[in-house]
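Asker: Right, I'll just put the structure down here and ask away after.
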Amino acid sequence: QRDELTKTLNELVSQLDSDAPHMLYWQSTRAVAHRMHAFPKGGKASLMAFSEPCGLDRQDHPYKLISVEDTRFLHCNIKTLNLIPNCMAMQQAVEAGCDEVVFHRGDRVTECAHSNVHILKDGALKTAPCDNLILPGITRAHRIAQCREMGIPVIEEPFTVRETMEADEVFFTSASALCCRIEEIDGQKVGGRAPELIARIQKAAWD
C-alpha cells in the first residue's frame, strides 16, 4: 500500500506545469462506509490529495499571535478531520489582525492552531512533550534533532503562559513555517533576547 500511495502522489506531482515551490497535501481515511460508529470491516481506504503553489513562511515577518483557551478534545495527538476548534481560533486571530494562535489549557501552553510552539530560555530549547495534548509535527522533530546536533539543550516538558511571555525567544514550526520567530502575543512584545541563537536555528532550518 505504501508503494501504491507513493506512485499515486508522484504521478500527481509529475503533472505540475510550474517549477515554483508547491505544497503537496494528502489525507486518507480508513474507508468509505454507511454512517456508523464502529469501524467498518474491509473496504478500501479513501485518498484525497492536491498540490498548489505555496511558498514558505517568511522569517523576517513580525509574527503576532493571540492566546486562546484550548477547549479541544483530549486526543490532539491524533490527526483527524475535526478542525473546527482550530479554524474558529484561527478566525479569531485573523479578525484581531494576527497571524496565529497559541493554545493553552489553563496555564499550560499546548500548541498553535496549525503549528507547534517553542521557547528558548537560557540557551535551551523548551517544547511541549508528545502527549495527548499536542499533534507532534514532523517539522518539530526536525528542529529538535537539529538543535541537538548543534549542541543546544532540548527540554521536552510542559511550559506555562508566563514562561512563554518571559522567554528569551518564542517561535513556531510547521511544514510551511520552518522556524518563525514570534514577536508579539496578545499585544505584548515577547522574545528578542537571544537573536543570535534563534538566527542559528533558523539558518539550520533553511540550509
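The values are calculated or read from the model by the stated rules, or taken from the named source; none is laboratory data. Keep in mind it's a predicted model, so treat the numbers as computed, not measured. Neighbour counts are summed over all protein chains in view; Cβ atoms, including those assigned to glycine, are modelled from backbone coordinates with ideal geometry. With ligands, DNA and RNA removed, areas are computed over all heavy atoms of the protein, side chains included. Shrake-Rupley method; radii C 1.70, N 1.55, O 1.52, S 1.80 Å.
Asker: List every residue pair whose Cβ atoms sit under 6 Å apart, with the two residues 6 or more apart in sequence or on different chains, where the first one lies in region 119-132 and is crowded, with 18+ Cβ neighbours inside 10 Å and the second, anywhere, is acidic (Asp, Glu).
Answerer: Leu120/Asp168; Leu120/Glu169; Lys121/Asp168; Thr127/Glu156
Asker: Being touching a Phe, Trp or Tyr at 6+ places or on another chain (Cβ under 9 Å) and open to solvent by 70 Å² or more (accessible area, probe 1.4 Å) is the filter here; which residues of region 26-65 pass it?
Answerer: Trp26, Arg30, Leu47, Met48, Phe50, Glu52, Leu56
Asker: Another question about this same structure. Just wondering, is there one or more residues in region 165-185 that are closer than 27 Å to Glu95 by Cβ and surrounded by fewer than 13 Cβ atoms within 10 Å (Cβ to Cβ)?
Answerer: No: zero hits.
Asker: Considering only region 137-207, give the helices (runs of 4 or more DSSP H) lying wholly within it that have at least 3 residues that are in contact with a helix residue (DSSP H, G or I) (Cβ under 8 Å, 6 or more places away or on another chain).
Answerer: Of the helices (runs of 4 or more DSSP H) lying wholly inside region 137-207, those with at least 3 residues that are in contact with a helix residue (DSSP H, G or I) (Cβ under 8 Å, 6 or more places away or on another chain) span 138-149, 195-206.
Asker: Out of Ala177, Ala204, which single residue is more than 15 Å from Glu111 (Cα to Cα), among the hydrophobic types (A, V, I, L, M, F, W, C) and either touching a His at 6+ places or on another chain (Cβ under 6 Å) or in contact (Cβ under 8 Å) with a residue 40 or more places away in the chain (or both)?
Answerer: Checking each option against the conditions leaves just Ala204.
Asker: Here is a list: His104, His75. Which entry is over 23 Å from Gly192 (Cα atoms) and surrounded by fewer than 20 Cβ atoms within 10 Å (Cβ to Cβ)?
Answerer: Answer to the check: His75.
Asker: List the residue pairs whose Cβ atoms are under 7 Å apart, where the first residue sits in region 55-84 and is within 15 Å of Cys112 (Cα to Cα) and free of Cβ contacts under 8 Å to residues at least 60 places away in the same chain, the second is surrounded by 12 or more Cβ atoms within 10 Å (Cβ to Cβ) and of a type in the set (A, V, I, L, M), and the two are 6 or more positions apart or on different chains.
Answerer: Val68/Ala89; Val68/Val101; Cys76/Leu133; Cys76/Ile134; Cys76/Leu135; Asn77/Ile134; Asn77/Leu135; Lys79/Leu135
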